[in-house]
Amino acid sequence: MADTVSLLAVFPDLEPAADAIDKLRSLGLAHDQMNVISGIPVTEAMLGRPSQWTNVPRLALGGAIGGFLVGLFLVFTPLLYFVPVGGQPIIPGPPSVVLLFELTMLGLLISTFLGVFLDSTFPSYRPMQYVPEISDGKIAVFFNCPEDERERYTQAMTDSGAETVKEAEAQQL
Amino acid sequence: MASTTMPMEHAHSEEAHLREQHLMLDPRPRGEMNAMIMEAMHYTTWKFWVVAAILGAIVLVGLFGSWGYMIAEGLGVAGVNRPVFWGIFLVNTVFWIGISHAGTFISAILRVFKSEFRRPFTRAAELMTTFGLVQAGFSIFMHMGRVWLSYWLFPYPNQRQLWPNFHSPLSWDLLAITTYLLASTMYLFLPLIPDLAMARDRTAGGWRKNFYKVLALGFRGTEGEWTHLRNAMNIFAFAIIPVMFSVHTIVSWDFAVATRPGWNSTIFGPYFVIGALHSGMGAVIMVLAVVRATMKNMKYFIRPEHFDAIGKLMLIISMGWAYFFFNDYMVQWYGGDKWTEALLHWHEAGPMGWMWFLMLIVNVAIPWLVLWNKRWRSNPWIVFVVGLLINVGMYLERYIIIPISLTINRMPFTWRMYEPGIEIPLSIGTLAFFILLYMIASKLIPLVPVWEVQEGQMAHSMKKFGRETVVTVSELE
């Protein structure tokens, strides 16, 4: 198998970046061999890319269930220290709904937040392929290609309107 | 010749006018906008430091000094006494929780409804939520008196054999406020990550570089990172709305579940929620007017169109508040209960009756008289004054509901007027602390979510219908 090289092509705008992705596809690169880095959210549809997988909604649901179970525990704590009061239920209904609601929502929101950390592997302070111009509006296409076809890929990116095409070096952010 | 060039000129001037009016139609290169935001954070005049020093002194003396004194001397230095055991501390708690509602309202509800005008000031409003809840938390601990024993609230095996009842209304409060504080802080942080990454990229070195680097968490803006972030923000936007409603509803139940005249009302939940939005929106517009006037480059991001839009919301909310107020009043008045009648009379004709009338004037009459006019509600300083007055009115409303209503009860021999003592410096201290925290935050984090503004600018364009140029928005998500 030929050696591969990671290249980072920086584009001034969305259109040339989308063209470049089409070219990379026609050159034989699979979608999972490239990634787009941008300073604003660019949807997959705009770039003709497949939908990204995210576990955040599932984690959120899991957190909601966990929160609900903690709520149930608190609702039934009076059974652990049974104090009968005349005319009062040991486990009253409506206040239990309040407890269950708050803890379910707390579980849902905390797990959603943590879901972003887990799915994005945050925090990550190791060196990564990046150029600071991205946060100034540039769009970078990061891809792996065979070493011996580097020139061809670089030319294709330049033809699409890339401002720079260089070997992607991991740098400290 | 003139007949061929005139329509062109007209079209150009119309477009220029629309650009001047709408931030979303007036894009600048992203790098330039980033530079403007960074400059706003870094540019600090001596006036900033003077105001910060004064506020810092007030916080030290008014908040921590007075609190320390109260801890040393006991709750006796406060004005709470029989029959008014709930005084200004709880007025402040309700007030600050009310202020905190604006952030979620603007950031979540307007996001769900895709109201584009929200984009430049969501963060400014979200910050108010977090810092407002901090003050509410302080006020609860002040009210507690023996604050060093607050751990008694928590259940753990102990020699006293006392286990808290999680079904009690005060436990609902603890849970609701904790949930809302955590949720709103997380909701503030998520959309901040890309802007912190931008600040990291534009900061050369020093402690600021490390600050942004740590908080940006290594964000680069890959497709995956944006997808996870967008999903999480959507979940938050929907889920935090019922939490927001629950918080102030539960606060209202602290009063409504008691069988006291004036409090035992089924409409207190929505009445409190609309009151919270009323004061919160008033506070947002005040903050925006001050930020626009004092921070560099903010006139580009915060424009009269934003004051106009918030002004309309304030007008609608003011109408909603008047409706709920009257509904609450009407049912109690019609009920004819002797003690409730006495209380309503006390509100209007008692020694503090001026508060009741002033509340109605500033919460209803003034907003209705001023905010119907587009030119007035687009003027930052006019709406600043209206927002300030609404906040005075909403503070009075809570004062009337709590200490004034507690002054009289079914046992006339216990009636006694409430005279606040150390509560006054403590209240001024919490206000100063809120402003100080906000000022510090404005120098550390981008107050305008630049990426959200640019995303909105991408989606907006102008289109001609016949002779008229109109604004159009594309759905990008």
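Things worth noting here:
- Every residue from segment A:124-156 that is within 14 Å of chain B (Cβ to nearest Cβ) and in a strand (DSSP E or B): A:128, A:129, A:139, A:140, A:141, A:142, A:143
- Segment B:200-253, residues that are part of a helix (DSSP H, G or I), of a type in the set (D, E, K, R) and facing another protein chain (nearest Cβ under 7 Å): B:200, B:201, B:213, B:223, B:225, B:230
- Some residue of segment B:175-185 being surrounded by 15 or more Cβ atoms within 10 Å (Cβ to Cβ) and under 30 Å from residue B:39 (Cβ atoms): yes
- Only a single criterion out of (1) in a helix (DSSP H, G or I); (2) under 30 Å from residue B:408 (Cβ atoms); (3) of a type in the set (A, V, I, L, M) is not satisfied by residue B:316, namely (2).
- Those residues of segment A:37-64 which are within 16 Å of residue A:119 (Cβ to Cβ) and facing another protein chain (nearest Cβ under 9 Å), in sequence order: A:41, A:44, A:51, A:52, A:53, A:54, A:55, A:56, A:57, A:60
- Test: residue in segment B:436-452 that is out of contact with any helix residue (DSSP H, G or I) (no Cβ under 7 Å at 6 or more places or on another chain), closer than 28 Å to residue B:193 by Cβ and among the charged types (D, E, K, R): no
- Test: residue in segment A:84-91 that is assigned by TED's automatic domain parsing to the domain that holds residue A:113 and at positive phi: yes
- Residues of segment B:217-234 classified as crowded, with 20+ Cβ neighbours inside 10 Å and out of contact with any Pro (no Cβ under 7 Å at 6 or more places or on another chain), total: 8
- Scanning segment A:16-45 for residues that are surrounded by fewer than 16 Cβ atoms within 10 Å (Cβ to Cβ), in contact (Cβ under 8 Å) with a residue 24 or more places away in the chain and outside any loop (DSSP other than H, G, I, E, B) yields A:22, A:33.
- Assessment of segment A:131-138 against the conditions (touching a residue at least 12 places away in the same chain (Cβ under 8 Å), under 30 Å from residue A:162 (Cα atoms), surrounded by fewer than 18 Cβ atoms within 10 Å (Cβ to Cβ) and not small (Gly, Ala, Ser)) yields no matching residue.
- Residue match in segment B:435-455 (condition: more than 30 Å from residue B:14 (Cα to Cα), in a loop (DSSP other than H, G, I, E, B) and either without any contact (Cβ under 8 Å) to a residue 40 or more places away in the chain or within 14 Å of chain A (Cβ to nearest Cβ) (or both)): yes
The values are calculated or read from the model by the stated rules, or taken from the named source; none is laboratory data. Here the structure is a predicted model, which is why all the values come from computation and not from measurement. For neighbour counting, all protein chains shown are included, and Cβ atoms are generated from backbone atoms with ideal geometry for every residue, glycine included.
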